[in-house]
Amino acid sequence: MNLSRIALATGVAASTVLLLAGPAAAHVSVQPQGEAAKGGYATLNFKVPNERDQASTVKLEVNFPAGQPLSSVTPEAVPGWKIEITKGKLDKPLEVHGRKITEAVTKVTWTADGSKIEPGYFQQFPVSVGQLPEDADQMVFKAIQTYDNKEVVRWIEEPKAGGEEPDSPAPVLALSAATDDHHGGGAADGTKAGDDHAADDRAASAEGDKKETHAASSSSSDTTARTLGIIGIVVGIAGVAFGVLAGRRRTA
């Protein structure tokens, strides 16, 4: 009897844990491929699980934080999904690599076009972004998930530090510390480029030296040939003269 009660209590406890853990583990989330460093560029994966047993996900909308505009947002093509990019004017233009950016992406929408996320599956939607904020520790992307039965789930609640996770938490991207090469090329790249140019210069110089040596050698050969030619002519003339004189002596 006691064993039955223990088994029942254990089963109830396990079910409660699964119920509590289920929603938290199944919401739309965002993770970088590698790191998302402050001030740098990264590829983000928006992971969308299907939470329903009798419906499939057919649409995802990801809203980018207005207070943290990104100069570059490029989604990767996902087979079976149509992508729509929405842009908006910036109140304060961004200056990136010497040029001003007056508008930024405010939303990216993926709509099923021959595919969908069926029950028991998930789909990742990659996006290349940059430059990430330099003065923030995280970015919050509010997402809206739509099912083919017209149900809409809004993952828009911002989690609060030290508080419990909301029922419908928004995807949060944690930003790591800035790195020296987050702009796509640091001293190492510059050094390598300099070395490449130096190597080209050395090769060009060596080729020039080779050509000059060849020219000098050719010139020297030509001079020697001319000298030998002149000597040959002189010797020939001397021989002819000697022959004429010898003939006259025999005649006399």
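In this structure the amide hydrogen of residue 70, modeled in the peptide plane, comes within under 5 Å of the amide hydrogens of 105, none closer than 5 places in sequence on its chain. The local environment of residue 45, defined by Cβ-Cβ distances under 14 Å, has a net charge of -1 under the rule Lys, Arg +1 and Asp, Glu -1.
Each residue of the stretch 128-135 was assigned a 3J(HN,Hα) from its phi angle through the Karplus expression (A = 6.51, B = -1.76, C = 1.60, θ = phi - 60°), giving 8, 9, x, 6, 6, x, 9, 10 Hz with x at Gly and Pro. Of the accessible area of the stretch 85-190, computed with a 1.4 Å probe over protein heavy atoms only, carbon and sulfur atoms account for 45 percent. Residue pairs exceeding 25 angstrom between C-alpha atoms, taken from 47/160; 38/82; 38/59: 38/82; 38/59.
Near residue 36, the amide H atoms lying under 5 Å from its own belong to 176; only residues 5 or more places off or on other chains count, and H is placed 1.01 Å from N. Across the stretch 90-154, the convex hull enclosing all Cα atoms gives 159 Å³ per residue. The phi torsions of the stretch 57-71, fed into the Karplus equation with coefficients 6.51, -1.76 and 1.60 and a -60° offset, translate into couplings of 7, 10, 7, 9, 10, 10, 9, 8, x, 5, x, 9, x, 10, 6 Hz, rounded to whole numbers, with Gly and Pro shown as x.
Using 1/(1 + (r/R0)^6) with R0 = 25 angstrom and r between the beta carbons of residue 52 and residue 124, what's the FRET efficiency to the nearest 0.05?
FRET efficiency, residue 52 to residue 124: 0.85.
Note on residue 99/residue 76: beta-carbon distance plugged into 1/(1 + (r/R0)^6) with R0 of 25 Å gives a FRET efficiency of 0.55. If you take all other residues with their beta carbon under 11 Å from the beta carbon of residue 28, and give Lys and Arg +1 and Asp and Glu -1, the sum is +1. Note on the stretch 23-141: Rg/Rh from Cα positions, Kirkwood definition for Rh, rounded to two decimals, is 1.00. Segment residue 176..residue 151, full-extension length gain: 5.4 nm, with 0.36 nm per residue of separation and the alpha-carbon distance subtracted. Residue ranges 99-109, 39-49 sort as 39-49, 99-109 when ordered by packing (mean number of other C-beta atoms within 10 Å per residue, highest first).
The values are calculated or read from the model by the stated rules, or taken from the named source; none is laboratory data. All figures in this text were calculated on a predicted structure; none of them were measured in a lab. Don't worry about glycine lacking a Cβ; one is built from the backbone with ideal geometry, like all the others, and counts go over all protein chains shown. Only protein heavy atoms, including side chains, enter the accessible area calculation; ligands, DNA and RNA are left aside. Shrake-Rupley method; radii C 1.70, N 1.55, O 1.52, S 1.80 Å.
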